[in-house]
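Bear in mind that the values in this text are calculations on the coordinates, not laboratory data. Since we're looking at a predicted model, the values are computed, not measured. Glycine gets a Cβ as well: all are built from the backbone with ideal geometry, and neighbour counts include every protein chain shown.
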Amino acid sequence: MKDTVETNLPAEEAGKLEEAKAPVTVPENSQEDANANITPEEEVAMAASKLTKEEILSKLTELVEKSAETARSEVESLKQAYYKIRRNEVDELKKTFLENGGEEKDFVAPEDETENTIKELLASYKEKRAAVLAEEERIKTENYTLKLQLIDQLKALTESQEDFNKLYNDFKEIQQKWKEIKLIPQEHANDLWRNYQTYSEKFYDIIKINNQFRDYDFKKNLELKTALCETVEKLENEPDVISAFHQLQKLHQQWREIGPVAKELREDLWTRFKTASTVINKRHQEHFEKLKAKEQENLEAKTAICEEIENIDFSTLKSFKDWEEKNKEVIALQDKWKTIGFAPKKFNVKIFERFRAACDVYFNKKSEFYKAIKEEMEKNLELKRALCEKVEALKDSTDWKETTEKMIALQKEWKTIGSVARKHSDAIWKRFISACDYFFEQKNKNVVSQKSVELTNLASKKELIEKINNLDETLESEEALATLKGYMAEWNTIGFVPFKEKDKIYKEYHEAVDKQFDRLKVDKNDRKMQSFRNNLSDMVSGEHSKGKLYGEREKLMRMYERMKNELQTYENNIGFLSISSKGGGGLLKEMERKIEKLKEEMDLIIKKIEAIDENLE
């Protein structure tokens with residue numbers, strides 16, 4: 001029967017039996033340590049971190065109202081979640097304050113009405129929890145006294161000579177009362193059980209119980225304990241190690257509440273139960289050892305990230321490019337941090353504070369650099385505006401020689417001034433070069449002799465276009481291409497044409513060249529380069545040629561830098577694509593196509609810049 005205690009074991013053997021059981025009975029404080037490892041990290045903390053301040057306040061109010069049933073870790077998790085939100089809010093306010101020109105020492109965080117309510121709730125919970133714990137201790141002490149009394153009563157039964165039926169009824173009543181008493185001081189649990197077991201077994205061994213009743217009792221107990229063994233053995237396949245461990249504790253309590261089996265079966269049955277229990281306990285222990293090892297690995301990985309950010313040599317970061325490259329590294333480290341799990345509990349907050357402090361130092365340094373560069377660019381903008389005013393004042397001058405010298409001097413001075421902000425760069429350059437171009441165009445218009453030359457050039461270019469259109473189609477491809485390039489080189493030697501004919505003749509020339517290129521299947525980039533060289537030829541022919549060349553070069557350099565940044569972005573992103581993921585193959589091919597196209601365009605720009613440099617030498 002379930003509520004009958006094991007019998008037929010002498011006190012010495014009963015003591016050995018309890019010693020064998022002891023290793024699988026986890027003390028209360030050990031269970032709390034295990035739960036402390038998993039509860040805030042795997043259960044409660046994750047849920048609390050997703051709540052808003054209002055939801056945290058509502059949840060905490062609800063928990064405080066039923067504080068007797070509330071786990072301390074759940075309240076603590078809500079508290080930590082609130083202060084994390086509060087800390088982030090203050091950080092954002094501080095960041096905005098600093099960005100608006102405020103000094104860090106002047107920043108004062110505004111009060112949060114929710115915080116006072118949170119503190120009041122936590123204080124109320126602490127008081128209620130203390131009262132609950134005090135009441136539990138009082139009940140445990142009373143229960144301990146009651147169980148001592150039951151042991152004394154059980155001892156008296158083993159020494160009594162009264163009627164068996166009365167003794168047995170008294171024994172059953174003691175058993176029932178023993179089971180009804182639950183909470184006791186943990187430090188007395190084993191001694192109480194050992195004494196209770198000893199006198200229970202003495203009761204069966206000393207008093208002559210009716211053999212038929214006893215055998216029936218043993219049979220029932222054997223069935224119940226065998227079922228418990230089977231249940232524990234099945235727990236080995238339970239995927240949730242924590243759940244299996246807690247189930248095992250309940251099964252051990254049930255084992256204790258079941259009475260004895262036949263003496264010859266006790267040791268084997270207990271060995272089976274203990275062996276199956278050891279498997280579960282070992283899995284439970286290994287699980288937490290792995291968790292601790294993983295947490296230690298996470299701490300080392302996070303420490304390495306902190307050290308990498310802390311060891312940044314700011315003296316080497318002297319340009320926008322340097323800071324942008326370093327910024328990508330820091331952002332990548334921040335993303336990596338997010339993928340790393342919890343560190344050990346006692347280090348988790350400290351390592352995060354260290355990480356945040358290192359990032360704050362970096363971004364503050366970056367802000368200081370950009371502020372200084374911004375001030376320098378503003379100064380450069382004012383200097384370039386002053387030059388614009390000077391060339392605008394000279395652009396209508398008809399003193400061609402003196403004004404030309406001044407214009408060239410101003411263009412040289414322009415090159416000595418550093419860069420300006422991108423949003424002003426194109427506009428200020430266009431303003432400057434437009435005034436320069438206007439002067440030189442007016443100057444060219446006043447050179448009468450140039451007109452006849454331009455008409456001659458126009459005739460020469462028309463004749464050359466006719467030659468290109470009538471290129472002998474019987475020539476081999478290489479010979480035809482060489483002849484075509486010779487015509488193109490000849491085109492570049494011919495000077496300006498009348499301005500009103502410029503676009504028309506240029507269009508006819510390009511149509512003729514493109515027609516032959518198509519027939520000869522010439523590479524698109526070669527065509528573009530040839531076309532660019534033709535444009536250069538037009539630029540270098542006038543007195544204001546260098547201004548135009550420098551302008552074109554600066555524009556190409558900006559294009560190159562933009563493409564370079566775009567290429568780096570594609571190359572970074574391509575690492576996140578996986579061909580095995582759904583749609584990954586198509587995206588990867590598209591990204592690779594864009595990268596190759598960018599590289600080709602960048603190579604072409606380099607060639608164009610080199611061509612400009614040849615004309616500037």
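Sorted from fewest to most neighbouring beta carbons within 10 Å, what does the list 425, 49 look like?
Least crowded to most crowded, the residues run 49, 425.
In whole angstrom, and with the biggest value first, how far do the Cα coordinates of segment 306-451 range along each principal axis?
The Cα atoms of segment 306-451 stretch 88, 26, 20 Å along the principal axes, largest first.
Please report 89, 120 as a ranked list, fewest other C-beta atoms within 10 angstrom at the top and most at the bottom.
Fewest-to-most ranking of 89, 120: 120, 89.
Answer with one residue from 249, 311, 221: the one whose Cα lies farthest towards the positive end of the charge dipole of segment 190-327, charges on Cβ with Lys, Arg +1 and Asp, Glu -1.
Positive-end residue among those listed: 221.
What dipole magnitude, in Debye to the nearest 20, does segment 438-528 give about its Cα centre under +1 on Lys/Arg Cβ and -1 on Asp/Glu Cβ?
Using Cβ point charges on Lys, Arg, Asp and Glu, segment 438-528 gives about 620 debye.
Neighbouring Cβ atoms within 10 Å as the yardstick, rank 445, 608, 59 fewest first.
So the residues, fewest neighbours to most, are 445, 59, 608.
What does the convex hull of the Cα atoms come to per residue for segment 148-277, in Å³?
112
Could you tell me which of rounded, prolate or oblate describes segment 414-527, using a ≥ b ≥ c as the square roots of the eigenvalues of the alpha-carbon gyration tensor, with rounded for a/c under 1.5 and, failing that, prolate when a/b is larger than b/c and oblate otherwise?
oblate
Give, as a single signed number, the net charge of other residues whose beta carbon lies under 13 Å from the beta carbon of residue 293, with Lys and Arg counted +1 and Asp and Glu -1.
Within the 13 Å Cβ shell, the charges total -2.
Quick check: net charge around residue 85, other residues with Cβ under 10 Å of its Cβ, Lys/Arg +1 and Asp/Glu -1?
+2
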